[in-house]
Each structure stands twice: as structure tokens, then as C-alpha cells.
Amino acid sequence: MKSTVETLSPTRVRLAIEVPFAELEPSLKKAYREIAQQINVPGFRRGKIPAQVIDQRVGRGTVLNEAVQEAIPENILAAVREHDVKTLGRPEVDIAEFKDGETLKFTAELDVRPEIIVPDPATVEVTVDALQIDESEIDEQIKLLRDRFATLKTVERAAQEGDFVQLDLAATVNGEEVPGGTASNISHEVGSKQLLPGLDEVLVGLAADESTTFVTQLVAGDFAGQDADVAVTVKTVKEKQLPELDDEFAQMASEFDTIAELRADLRERITKNKQIEQVYAARDKALEELVAAADVPAPEGVVKEEVEHRKQAMVDQLERIGASLEEYLAAEEKTEEQIDAELAEAANQGVKIQLLLDTIADADEVQVSDDEFGHEIVHRAQRAGVAPQQYYDQLVRSGAAGAVFGDVRRGKALAALMEKITIKDTEGNEISLDALRADGAGEHDHNHEH
């Protein structure tokens, strides 16, 4: 095999590769063996069919094609090693010339890691918003806590916003019952808009054993897009009663003896969360600044793959909650082209950040231990709800284990980067990561593509 490399751009090369027919012989023999296992020919045992019989049955061209498809990746890998090309993504192959018995000539265009000169992170200074905690934020947390410990009491009056009602629903379209459109004894908070559009508006003013009808547009099922008449009957009206805001409530709802202690703890928690948000904001600003300063180029092929990956992840996520891309676009009032453009912009920046962190990891000679890699596998397996070994085996089968390893390495490079930059708030105070480290705020999410 002989090959040459041509630089097309700072992020893309074209390999021109020639493979003499004699070097294709191992791939050709393998192709004959595999085809012999797949076909039945009377008079011959499976796997023991002579080459000339296979040529007659499936055609010499089919065998040659299989041999070439087998040989191309191996020869690309050999050429990459020969020219020390740092590849990214999948190659685009174009077979220029191939005839039986003659030299195979093809080209492979592939993205490569660009040479990046990263400024010294110690020179980077970013400014984030100063911490501001309003009493209303603590009040909001107290309100959520009171809601959790609220009780429901049946009342003999018409429903108001905030009440809980038990109700029956029955939907029809032109007098025909809607499949799945009938339900009994549903518990619903008036004003929450958790059920059908238009329901909350008609519930206000209805007492127990009272009924009404309203019109709503169906979004799913056989009658999707059509108006349905919905009959609603209120069975009971219950008022939400919040506990008194006193020390007794603090003892019931928390580990504290007084409301003052509970509020102090909530203030501390809100402060910690805002400090973590400061670090995340600093991280994003520092990466943006370094990507711009290093003028990191984004390889087109890798960005395209990343956009496809992100879009598929979005579709999968929508399907899990029973929605479609079309419904999402309608709700967001966006076109698919707009979503694609947003994904492309985010993917472009995400890929640039990955390249920047890879360069920093190389410069700092960042290593990933088996324990660190294993910890990440366990963490991801838990999020996916599968056993760690099963998750790892799946990664290996799909060839994605290397990508996870790269993520861990980039995460370590990012953590080291955050130690070197200067972070100040808008009031001029310098922010240290030391105070937050015990709470895990220094463990930054290194998966920037999401």
C-alpha cells in the first residue's frame, strides 16, 4: 500500500491510497469464507463451497465488493499511522478506480485535530454577577415547604382557584365518544392547567354535584385537531389548608426547632446554589474567551455528526414523554430549520470547546486512571438505569468507550483550568473554588455538547 496526504484546511485532509491487488488477497479469501457460510448449494457442505461456485451463484463482483469494503478501513488506518494524522469523526471514501486483478485506488477525506495555541489560563480573568439573596427567595422556599405539608378539607362551596376538586370527564366529537376520553374521580388542582385547555376556566364557580360542558381542541388520538365537547361533573371541592408558619411547623417540616433556624438554613442553601451558579457562569465565560483567543476552528464533519446526534437525542427525549418533534415545534413556535440552526450553533461551539480541552489535556499530560474511568461508567449507568457492566459492554460494542474516556479526560483538564483562571464578581471580590469544593461545585459537568 502506498499513500499520500493532502491538507485541504486546518481541520481536513485527503488521503490518496493505492492498494496492489496482491495485498487484497487476505480480504478476498475472507469474503469467500464468509459468503460460503451464508449460502446453501446442493452437493456442498456449508462453508466448504469452492470459489468458482460462489462466483457463479453470487457473482465475482459481489465478492470483490465485500473484500474492498473490508480492506478500505484497514488501509485508511495504516495511512493515518504512516502520516501521523490526528483523525476526528468518520472518513468520506471515494473509490477512484478498481477492476478485478488491478490496483485499488481510492481517496478518504477526514477531519483532523487542528493545531491550537492556547493562551496561558493564568492570564484569563472573568467577571460574574455578585451574590444577591432577596428575602422573597427564602419566602418562596418556605411556601413550597408549606405546600408539601398542606392538608385538604372538604368545603360546601363553589370551587375557587387553588382548590382541589374530584371530577368526572366525558369527551365527544359530533356526539361520538372519544376513545380514552372518559375518566372518573380525577383529582385536579383548579388553575394548574394540568388537564384539558378550557377546563380550569369552567371549574371556578362549580360546587359539588354540579355539571357543565365546554369545548376543547384534542391534540392526540383519532380526533386530533378537532373540537370536542367535554362534559364535566364536580364530585367534591376541597380547600388546601396550609400549616401555621410557626416553630411547630419548623419542627414538623425540618430538622430545626425554630422558624428562624429554618430560614437561616434555607438562606445558606440558596447561597451555596448561587455560588455554584457563579462557578458555572465563570466556566462558560472562560471557555468562550479561550476558544475565541485561540481562534479554534470547528471541523465540518464532526460538527455535522454532532448536530445529528443532538437532534436524535432531542427526538428520543420527546418520544419518552409522548410528544413528537412537530408538537414541540408548534409549542415553541419555531420551524425545523430554526431548530437545526440553533443545534448547529451549539454543536459548533461544543466541538470547539472539546478541541480546546483536548489540547490543554495534551499539554498538561492529563492521565485518566481506571478508577476515574470506572467511576464515570457507574455514574452514567445509574443515570441510564442499567447495571454498570451492561452499560460498559454496550459502550464497547458501539465503539463509544473511547468517547467516554475522552469526556473524563476533558473534565480533568477543565477542573485544572478552573484552578488557574481568576474569577471576580461585579463588586470586585475574588471568588475562590476552595469554599465550594466540599460541596462538589468544583466537579464541573464536562459534557459541553449538551
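The values are calculated or read from the model by the stated rules, or taken from the named source; none is laboratory data. Model, not experiment: these values are computed from the prediction. Every residue, glycine among them, receives a Cβ derived from its backbone with ideal geometry; neighbour counts consider all protein chains shown.
Of VAL366, VAL351, which residue is in the same structural domain as ALA313 (by TED's automatic domain parsing), in a helix (DSSP H, G or I) and either over 18 Å from ARG310 (Cα atoms) or out of contact with any strand residue (DSSP E or B) (no Cβ under 6 Å at 6 or more places or on another chain) (or both)?
Every option except VAL351 fails the conditions.
Say whether the condition of being assigned to a loop (DSSP other than H, G, I, E, B) and at pLDDT below 95 is met by at least one residue in the stretch 302-315. No: the stretch 302-315 contains no residue that is assigned to a loop (DSSP other than H, G, I, E, B) and at pLDDT below 95.
Against the test of being within 28 Å of LEU417 (Cβ to Cβ) and in a helix (DSSP H, G or I), the options ALA264, ALA292 yield a single qualifying residue, ALA292. Looking across the stretch 229-261, the residues that are part of a helix (DSSP H, G or I) and of a type outside the set (A, V, I, L, M) come down to ASP247, GLU248, PHE249, GLN251, GLU261. The set of residues in the stretch 300-329 that are closer than 27 Å to LEU414 by Cα and either among the aliphatic types (A, V, I, L, M) or touching a helix residue (DSSP H, G or I) at 6+ places or on another chain (Cβ under 7 Å) (or both) comprises VAL302, VAL303, GLU306, VAL307, ARG310, LYS311, ALA313, MET314.
When the residues of the stretch 385-403 are filtered to those that are touching a helix residue (DSSP H, G or I) at 6+ places or on another chain (Cβ under 6 Å) and surrounded by fewer than 17 Cβ atoms within 10 Å (Cβ to Cβ), the one that is nearest to LEU290 (Cα to Cα) is ALA401. Of the residues that sit in the stretch 171-181 and are at pLDDT below 90 and surrounded by 13 or more Cβ atoms within 10 Å (Cβ to Cβ), which one is nearest to THR212 (Cα to Cα)? Applying the filter and picking the extreme gives GLY181.
Any idea which residue in the stretch 260-314 is farthest from GLN132 (Cα to Cα), counting only those that are of a type in the set (S, T, N, Q) and within 24 Å of the chain's Cα centre (by Cα)?
Kept after step one, since they are of a type in the set (S, T, N, Q), are these residues of the stretch 260-314: 271, 273, 275, 278, 312.
Right, trim to within 24 Å of the chain's Cα centre (by Cα) and you get 273, 278, 312.
Working: ASN273: 12, GLN278: 11, GLN312: 39 Å.
The extreme case among them is GLN312.
Look through the stretch 133-170, keep the residues that are hydrophobic (A, V, I, L, M, F, W, C) and surrounded by fewer than 17 Cβ atoms within 10 Å (Cβ to Cβ), and return whichever of them is nearest to ASP425 (Cα to Cα).
Start the filter on the stretch 133-170 by keeping residues that are hydrophobic (A, V, I, L, M, F, W, C), which leaves 133, 138, 142, 144-145, 149-150, 152, 155, 158-159, 164-165, 167, 169-170.
Subset that is surrounded by fewer than 17 Cβ atoms within 10 Å (Cβ to Cβ): 133, 144, 149-150, 152, 155, 158.
Details: ILE133: 15, LEU144: 30, PHE149: 38, ALA150: 40, LEU152: 46, VAL155: 52, ALA158: 52 Å.
Step by step, filter the stretch 133-170, then rank; the result is ILE133.
Spot the failing condition for GLN275; the list is (1) over 30 Å from ILE116 (Cα atoms); (2) out of contact with any helix residue (DSSP H, G or I) (no Cβ under 8 Å at 6 or more places or on another chain); (3) assigned to a helix (DSSP H, G or I), and only one is missed. Only one criterion is unmet by GLN275, namely (2).
Of the candidates VAL41, VAL80, the single residue that is surrounded by 18 or more Cβ atoms within 10 Å (Cβ to Cβ) and either on the phi < 0 side of the Ramachandran plot or part of a loop (DSSP other than H, G, I, E, B) (or both) is VAL80. ILE35 falls short on exactly one of the conditions (1) buried (at least 17 other Cβ atoms within 10 Å of the Cβ); (2) within 30 Å of ARG14 (Cβ to Cβ), and that condition is (2). Taking GLU18, is it surrounded by fewer than 16 Cβ atoms within 10 Å (Cβ to Cβ), more than 36 Å from the chain's Cα centre (by Cα) and not polar (S, T, N, Q)? No; evaluated as a whole, the condition is false for this residue.
If you go through the stretch 121-171 and keep only what is without any contact (Cβ under 8 Å) to a residue 24 or more places away in the chain and of a type in the set (Asp, Glu), you end up with ASP134, GLU135, ASP139, GLU140.
Would you mention how many residues in the stretch 182-196 are surrounded by 14 or more Cβ atoms within 10 Å (Cβ to Cβ) and assigned to a loop (DSSP other than H, G, I, E, B)? Summing the residues that are surrounded by 14 or more Cβ atoms within 10 Å (Cβ to Cβ) and assigned to a loop (DSSP other than H, G, I, E, B) in the stretch 182-196 gives 4.
Considering only residues that are in a loop (DSSP other than H, G, I, E, B) and loosely packed, with under 14 Cβ neighbours inside 10 Å, which ones fall in the stretch 108-132? Scanning the stretch 108-132 gives GLU115, ILE117, PRO119, ASP120, ASP129, GLN132.
Hey, could you check the stretch 88-107 for residues that are closer than 20 Å to GLU305 by Cα and at pLDDT 90 or above and say which is surrounded by the most Cβ atoms within 10 Å (Cβ to Cβ)?
Initial filter on the stretch 88-107 (closer than 20 Å to GLU305 by Cα): 88-94.
Remaining after also requiring at pLDDT 90 or above: 91-94.
On the way: PRO91: 20, GLU92: 13, VAL93: 17, ASP94: 11.
Only one residue fits best here, namely PRO91.
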